Amino acid sequence: MIRRIGICASLLALSACGADETAPSPKDLVAARPIGTEEIVTSSRPAPEGPPSNPLRNVYFGDLHIHTRNSYDAYLFNVRATPDDAYLYAKGGTIKHPAGFDIKMKSGPLDFLAVTDHAEYLGVLEAIDTPGTEYSTVPYAKDLFSSDTGKVISAFSLFVDSLVSGERRDDLSDLSATRSAWQETIESAARHNDPGTFTTFIGYEFTSAPETRNLHRNVIFSGTDVPPLPFSEFESQNPEELWNWLDELRESGTEALAIPHNANASDGTMFEYVKWDGRPIDRAYAEQRLRNEPLVELIQNKGQSETMPLLSPNDEFAGFEVRETYVGSTKPITKFAGSYVRDALKRGLEIENEAGVNPYKIGFVAGSDGHNAASAYAEDNYYANHGVLDGTARQRGSVPPPDYESWEDYYADGRPAGASAGSGGLTAIWAEENTRDALYAGLRRKETYGTSGPRIKVRLFAGYDLDGIDLATDEGVEAAYRHAIPMGGDLTAKPGSAPQIAAIAMQDIDSAPLQRIQIIKGWVDDRGQSHEQAFDMACADGGTVDPLTHRCPDNGADVDLSTCAISPDKGDAQIAGLWTDPEFDAGQNAFYYARVLENPTCRWSTWDAVRAGVAPNPRRPATIQERAYTSPIWYSPADVD
């Protein structure tokens, strides 16, 4: 294993921290802190003036899920990049990959970023790797950074066991390294926040994984007033305790929200019908969850959590980047209900009928979960996400190992396909300006969407009598905000009228042309059973939707797998449409969201193969259709006479 020791400024403070500084209880993380500012960590950096606000809102692209050397599963794989490096990269700069080569984004700077290192053992691995610290005296310190892979795996399994059990190791109960790394996170965000140009959010990851079931959340703070330590799974693996902590913070003036991610690996536990203790979800639970978790991360490098073929058998596009194994395991995932967002949206409607509140009225974002302080966000510029673990095409399974001439020989020898990650996604926020206040308000009202990486621009509105509204013009957008509800909102019934949905999508110029816009509908029937259906609403290349199949014609877009060249004359740079639900029932609760699909392009694994001059791995998709997913709009029949 490549090893480089660098004692950063954050760890120089270790000797000044008390060795008997042990883990606080959940309540201590809030209750021990005065309501005033004595122990609230803040930044006093003055905010420069930005460009004028746009009342019609701009779309801003960013990532709310990035890890640096302060995360245990980044440092172990030779990631030494700091939060400062993460922000430099997000602003369009070049940084070093852990394997030694330069990395830079293809499509230019992002608009915002949150560094979200794991709260659990935050900053601890670097402290263990730093001679002279008390952390470096733990008996497994040398094995963690040994050149013997077996010793590394054995030592790291001690951390894995701790994370699965939710119990902090006794020999790592000193929190001085965590305090130092948390302070580094805060100060770096302050240095790089540039209102009007680039926004930083202070954040971290709550990494609850009971029995290896993924219940992870990213916690994003609205401003600079943050607690002295993050709430981790070592305080509680129960997300309801995290919500209690966030509620207590909010009462004392510190605003934050949590964003679940990788529901696809939760074994059905992310979106259940019951609470942690097994009792049915009630109004109090639903309201608390909504208050603290208004959003969900729909896609990232460990797969998408929208839906999958077994849950949506009539959706021919449901098989996109479906995760097959549990995180950190080769064990196949077998439980899907309760693990995907479309299913959760339907469950929410069902629960609302019983509890009176929908706990899963959630908007959509996307992220990368990149562990290199960076992520490519692009299939043709891919360098993976986990340091020296997957820094080469061979390591990530897109080029055959050196002992095999072809994939046929490799698989004939009984070798496994291995796990396969994606390139990660991006969050888009509609906001008046690029500032913390405006972007956070956009997150709160769920006027957000997620993409699989491209910067596709999408607007979605629902209302009544929307004929004549042109979302390609400022006048049309102004009218839509005045007469309709944007993505993330609630639409109440209008007696005698069916709602209309207006959408427009614009191509990312660095990606493929657009193929179609779809509307995904979910509803609950009179018997309390939930249903779903996908409708194409607008087609590229002059196509029209078939009224019987609700599908656009195939536009013939293709990919040359020998070069990854795409059809030059297929697809549109902009697609727009106005859609009325052909199966609308005014008495049924429903949700609607848009899914925008690009023409097919090469997946990153195919790009790797083309560059290496070998055939693509046959057990990986050769092509994908990049996409965007808008937050839903919920229809309520409550006002129907």
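Beta carbons closer than 8 Å, at least 6 apart along the sequence or on distinct chains, pair a first residue in the stretch 217-229 that is more than 19 Å from Arg289 (Cβ to Cβ) with a second that is charged (D, E, K, R) and crowded, with 18+ Cβ neighbours inside 10 Å for Gly223/Arg436; Pro227/Arg33; Pro228/Arg33; Pro228/Arg179; Leu229/Arg179. Within the stretch 256-277, being in a loop (DSSP other than H, G, I, E, B) and touching a residue at least 40 places away in the same chain (Cβ under 8 Å) holds for His261, Asn262, Ser266, Asp267, Gly268, Thr269, Met270, Phe271, Glu272, Tyr273. Starting from residues that are surrounded by fewer than 19 Cβ atoms within 10 Å (Cβ to Cβ) and either touching a strand residue (DSSP E or B) at 6+ places or on another chain (Cβ under 7 Å) or of a type outside the set (D, E, K, R) (or both), keep the ones in the stretch 115-137 and report whichever is nearest to Gly367 (Cα to Cα). By that ranking, first place goes to Ser136.
Please specify each residue of the stretch 283-326 satisfying the condition of being crowded, with 16+ Cβ neighbours inside 10 Å, over 30 Å from Cys602 (Cα atoms) and touching a helix residue (DSSP H, G or I) at 6+ places or on another chain (Cβ under 6 Å). Once the filter is applied, which keeps residues that are crowded, with 16+ Cβ neighbours inside 10 Å, over 30 Å from Cys602 (Cα atoms) and touching a helix residue (DSSP H, G or I) at 6+ places or on another chain (Cβ under 6 Å), the stretch 283-326 yields Ala286, Gln288, Asn292. The listed residues are Tyr404, Tyr410, Tyr377, and the only one of them that is part of a helix (DSSP H, G or I) and of a type in the set (Ser, Thr, Tyr) turns out to be Tyr410.
Kindly indicate whether any position in the stretch 410-418 is surrounded by 17 or more Cβ atoms within 10 Å (Cβ to Cβ), in contact (Cβ under 8 Å) with a residue 24 or more places away in the chain, at negative phi and more than 18 Å from the chain's Cα centre (by Cα). Checked the stretch 410-418: no residue is surrounded by 17 or more Cβ atoms within 10 Å (Cβ to Cβ), in contact (Cβ under 8 Å) with a residue 24 or more places away in the chain, at negative phi and more than 18 Å from the chain's Cα centre (by Cα). Identify, please: which residue in the stretch 452-473 is within 13 Å of Pro499 (Cβ to Cβ), of a type in the set (A, V, I, L, M) and not in a loop (DSSP other than H, G, I, E, B) and is, among those, nearest to the chain's Cα centre (by Cα)? Ranking the candidates gives Leu460 first.
Considering (1) closer than 29 Å to Gly108 by Cα; (2) of a type outside the set (Asp, Glu); (3) not assigned by TED's automatic domain parsing to the domain that holds Glu306, the lone condition that Ser375 does not fulfil carries the number (3).
Residue by residue, here is whether (1) charged (D, E, K, R); (2) at negative phi; (3) part of a loop (DSSP other than H, G, I, E, B); (4) surrounded by fewer than 21 Cβ atoms within 10 Å (Cβ to Cβ) holds:
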| position | (1), (2), (3), (4) |
| --- | --- |
| Asp569 | yes, yes, yes, yes |
| Pro582 | no, yes, yes, yes |
| Val610 | no, yes, no, yes |
| Pro616 | no, yes, yes, no |
| Arg620 | yes, yes, yes, yes |
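Taking into account only those residues within the stretch 159-198 that are under 22 Å from the mean Cα position of the chain (by Cα) and either of a type in the set (A, V, I, L, M, F, W, C) or not assigned by TED's automatic domain parsing to the domain that holds Asp85 (or both), which is surrounded by the fewest Cβ atoms within 10 Å (Cβ to Cβ)? Only one residue fits best here, namely Val164.
Flag not set for Lys331, criterion: in contact (Cβ under 8 Å) with a residue 60 or more places away in the chain and touching a helix residue (DSSP H, G or I) at 6+ places or on another chain (Cβ under 9 Å). Among the residues making up the stretch 584-596, a single one is in contact with a Ser or Thr (Cβ under 7 Å, 6 or more places away or on another chain) and part of a loop (DSSP other than H, G, I, E, B): Asn589. Report yes if some residue within the stretch 537-555 is surrounded by fewer than 19 Cβ atoms within 10 Å (Cβ to Cβ), modelled with pLDDT of 95 or more and of a type in the set (Gly, Ala, Ser); otherwise report no. Yes - at least one qualifying residue is present in the stretch 537-555.
Applying the criterion of being crowded, with 16+ Cβ neighbours inside 10 Å and of a type in the set (A, V, I, L, M, F, W, C) to the residues of the stretch 138-158, the residue that is nearest to the chain's Cα centre (by Cα) is Phe156. Evaluate the following for Leu122: is it in contact (Cβ under 8 Å) with a residue 40 or more places away in the chain and assigned to a loop (DSSP other than H, G, I, E, B)? Judged against the criteria, Leu122 is a match. Could you check, for the stretch 360-369, whether at least one of its residues is farther than 30 Å from Met105 by Cα, assigned by TED's automatic domain parsing to the domain that holds Thr330 and either acidic (Asp, Glu) or crowded, with 19+ Cβ neighbours inside 10 Å (or both)? Within the stretch 360-369, one or more residues are farther than 30 Å from Met105 by Cα, assigned by TED's automatic domain parsing to the domain that holds Thr330 and either acidic (Asp, Glu) or crowded, with 19+ Cβ neighbours inside 10 Å (or both). Taking the stretch 589-641 as the range and being of a type outside the set (Phe, Trp, Tyr), more than 30 Å from Gln500 (Cβ to Cβ) and within 20 Å of the chain's Cα centre (by Cα) as the test, the residues that pass are Arg603, Ile624. In the stretch 622-637, what residues are under 30 Å from Pro401 (Cα atoms) and in a loop (DSSP other than H, G, I, E, B)? Selection gives Ala622, Gln625, Glu626. Of all residues in the stretch 385-406, those that are touching a residue at least 60 places away in the same chain (Cβ under 8 Å) and not assigned by TED's automatic domain parsing to the domain that holds Asn617 have Cβ atoms under 6 Å from Cβ atoms of residues that are surrounded by fewer than 21 Cβ atoms within 10 Å (Cβ to Cβ) and among the hydroxyl-bearing types (Ser, Thr, Tyr), 6 or more apart or on another chain, in Pro400/Tyr410.
The values are calculated or read from the model by the stated rules, or taken from the named source; none is laboratory data. Since the structure is predicted, the reported quantities are computational estimates derived from the model, not experimental observations. Virtual Cβ from ideal backbone geometry, glycine too; neighbours counted across all protein chains shown.
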